[in-house]
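Novice: Below you will find the structure I want to go over with you.
The values are calculated or read from the model by the stated rules, or taken from the named source; none is laboratory data. Bear in mind that the values here come from a model prediction, so they are computed numbers and not experimental data. Cβ placement follows ideal geometry from the backbone for every residue including glycine, while neighbour counts extend to all protein chains displayed. Surface accessibility is based on the protein's heavy atoms, side chains included, excluding ligands, DNA and RNA. Shrake-Rupley method; radii C 1.70, N 1.55, O 1.52, S 1.80 Å.
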Amino acid sequence: MKALMHEGAAGVKGLSVRETKLSEPAFNEVVVKMKTAGINHRDLFVLERHQSNEPPLIPGSDGAGVVEAVGNGVQTLQPGDEVIINPAIGWRTNSDAPPEEFSILGHPRHGTFAEQVIVPSANVYPKPAHLTWEEAGVLSLSALTAYRALFTKGRARAGMKVLIPGIGGGGGTFLLQFAKAVGAVVYVTSRSAEKRRKALALGADKAIDSTEDWGQALGNEKVDLIVETVGAATFHQSLEQIRPGGTVVTYGASAGDVVELNLRQFFYGQFHLLGTTMGSEEEYAEMLHFIQAHSIRPVLDHVFALDQFQEAFERIETASQMGKVGLNIESA
């Protein structure tokens, strides 16, 4: 089979499309013939973490396709089933944090940037009927993370004022759509006028230029919930916009991992700061039900052919995208 594999040099330089062999599915595993896959910021991090002295790796966490074969013990799936893959492995029920055995598809085990992938049967779900293959292939990781951040951690509900800094990536666009679906008031920020325009078209109540004074742009109005996915570059601006007793949920640090925190300001403000990433199988099933009930579709930026992986990764690395970037595996 053809696969996009990483070996040797760190980063995108270590990627190449090559032929490789697929092993047999183990007990309770299935082989999925891939249609499409999605690229996430995590994939960029994996290309740096995967060491040159380690075996070649097929990255990729998101994907959708058709069940091709099933291993012993699989009773709920059969060849021909159209499916979507949950990349969160080993986290069964909702909990404060994942169990020790939790892992994410695409590192350390082979991922979805290949014509076939082997995954545990518990991580395979029927493809939502309202989604195209391209939409289903880019959904899972960002949508699951956004769902847990917004609802499990942030407890978003109708009438709540929500701020999403740095709108543009897959997670941010899901946060916007999910929050609007439950009747929240949603404000977003971006340096890009085009991304602000698209966010308004998606339902944002206000789109702020990131270079502006956010408080002034909001008329000094404070918000109930901020979902921070940018990191150090926006964290302090975000904190200035939260109401006393409000909540900041963070799951991203693409623009810096480390921030200095004024503890006195924080405890006088009675603020809540919560960290999260990914989610459980229970939350994944809830998320799929939610997007079907509200007819939510991923915002697709661009879908590239597998051999155009360099262009696809560059679009993620430069934050040029609005929504999700995908790979067409079927045409490889």
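Novice: A129 - would you say it is touching a helix residue (DSSP H, G or I) at 6+ places or on another chain (Cβ under 7 Å) and either open to solvent by 10 Å² or more (accessible area, probe 1.4 Å) or hydrophobic (A, V, I, L, M, F, W, C) (or both)?
Specialist: No.
Novice: From the list A207, A193, exactly one residue is open to solvent by 20 Å² or more (accessible area, probe 1.4 Å), in contact (Cβ under 8 Å) with a residue 24 or more places away in the chain and of a type in the set (A, V, I, L, M, F, W, C). Which is it?
Specialist: Sole residue among the options that is open to solvent by 20 Å² or more (accessible area, probe 1.4 Å), in contact (Cβ under 8 Å) with a residue 24 or more places away in the chain and of a type in the set (A, V, I, L, M, F, W, C): A207.
Novice: Being open to solvent by 10 Å² or more (accessible area, probe 1.4 Å), touching a Ser or Thr at 6+ places or on another chain (Cβ under 8 Å) and not hydrophobic (A, V, I, L, M, F, W, C) is the filter here, so list the residues in segment 74-91 that pass it.
Specialist: T76, G90
Novice: Which residue pairs have Cβ atoms under 8 Å apart, sit 6 or more places apart or on different chains, and have a first residue in segment 106-133 that is within 15 Å of P87 (Cα to Cα) and free of Cβ contacts under 8 Å to residues at least 60 places away in the same chain and a second that is open to solvent by 10 Å² or more (accessible area, probe 1.4 Å) and part of a loop (DSSP other than H, G, I, E, B)?
Specialist: So the pair list comes out as P126/D81.
For (1) open to solvent by less than 40 Å² (accessible area, probe 1.4 Å); (2) under 27 Å from P128 (Cα atoms); (3) of a type in the set (F, W, Y), each residue gets a yes or a no:
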site: L15; (1), (2), (3): yes, no, no
site: V31; (1), (2), (3): yes, yes, no
site: M34; (1), (2), (3): yes, yes, no
site: A37; (1), (2), (3): yes, yes, no
site: F45; (1), (2), (3): no, no, yes
site: R49; (1), (2), (3): no, no, no
site: S52; (1), (2), (3): no, no, no
site: D96; (1), (2), (3): no, no, no
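Novice: List pairs: first residue in segment 45-61 and under 23 Å from T318 (Cα atoms), second residue open to solvent by 10 Å² or more (accessible area, probe 1.4 Å) and of a type in the set (K, R) anywhere in the structure, Cβ distance under 7 angstrom, at least six positions apart or on different chains.
Specialist: Note: pairs meeting the criteria are S61/R42.
Novice: Can you tell which of A293, A312 is small (G, A, S) and open to solvent by less than 60 Å² (accessible area, probe 1.4 Å)?
Specialist: The conditions single out A312.
Novice: Being in contact (Cβ under 8 Å) with a residue 60 or more places away in the chain and either in contact with a Lys or Arg (Cβ under 7 Å, 6 or more places away or on another chain) or not in a helix (DSSP H, G or I) (or both): is that true of A3 here?
Specialist: yes
Novice: Which pairs do you get when a residue that is among the small types (G, A, S), found in segment 19-33, comes within reach of a residue that is open to solvent by less than 40 Å² (accessible area, probe 1.4 Å) and part of a strand (DSSP E or B), reach meaning Cβ atoms under 8 angstrom, with the pair 6+ apart or on two chains?
Specialist: Matching pairs, first to second residue: S23/I118; A26/I118.
Novice: Something else now. Helices (runs of 4 or more DSSP H) wholly in segment 103-209 with at least 3 residues that are within 17 Å of the chain's Cα centre (by Cα) - which ones?
Specialist: 133-137, 140-147, 170-181
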